[in-house]
Amino acid sequence: MRSPTALLLVLAAACSSTPPSTAPPAGQAAQSAASQPAAWQPAAPRSPLVLRDQTVDPNVASPLPRGSHTPLAAVPVAATGRPAIALPNGVRLPALNGVAASIEFRYDKPIAQVAGIYVDERGMEWYEHADGALTSSRYAWRKDLARWDAMAMHVVPAEDPPAKH
């Protein structure tokens, strides 16, 4: 993980990967589809979703282990009508961490292809891009609006990391 000082943070307010199929060993029956582990899916929003109470955090932590990196076989695409992070290049990624709103992300530089899912130390999921950038969505408390507001974040590696003293 890069040093936080070597990252540029860009904010914008408001997938599955399937492991390769393997045949069961000789003499063993294949597991039924119901008993096989499910592919990664973004967390569903809390129900009921409470956005006007600061004491009720609407963010949903990942079931994946904290600090884990999960490669994706294909770039996840948000289904029509589902919450999404709409990137400037036309890609619509499923919203993460229980966000129930779509967010149009504005950024004037190229965004590399999504390669995996990273789970941070708080249990929040991030899309990992091929160039090391990270993109996520979550709720943040807006004191000025007295409610939780959906936001997208894009963190890119600094081109020239600061020198160590």
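Here, each number is a calculation from the coordinates, and none is a lab measurement. Keep in mind the model is a prediction, meaning the values are calculated, not measured. Don't worry about glycine lacking a Cβ; one is built from the backbone with ideal geometry, like all the others, and counts go over all protein chains shown.
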Original post:
With a sphere of radius 11 Å drawn around the Cβ of H154, what net charge do the other residues whose Cβ falls strictly inside it have (Lys, Arg +1; Asp, Glu -1)?
Top reply: +2
Subject >> Inter-probe distance in nm under a simple model that places probes 7 Å from Cα toward Cβ, at A61 and A39 >> reply: 2.7
**OP:** Starting from the Cα gyration tensor of the range 83-156, multiply each eigenvalue by 5, take the square root, and state the resulting semi-axes largest first in whole Å.
**Re:** 21, 15, 11
Subject >> Nitroxide proxy distance, nm - points 7 Å out along Cα→Cβ at A112 and A74 >> reply: 2.3
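By its C-alpha gyration tensor, with a ≥ b ≥ c as the square roots of the eigenvalues, how is the range 44-117 shaped: rounded for a/c under 1.5, else prolate for a/b larger than b/c, else oblate? List each step's numbers first, then the result.
Values: a/c = 2.01, a/b = 1.36, b/c = 1.49.
It is oblate, given that a/c is not under 1.5 and a/b is not larger than b/c.
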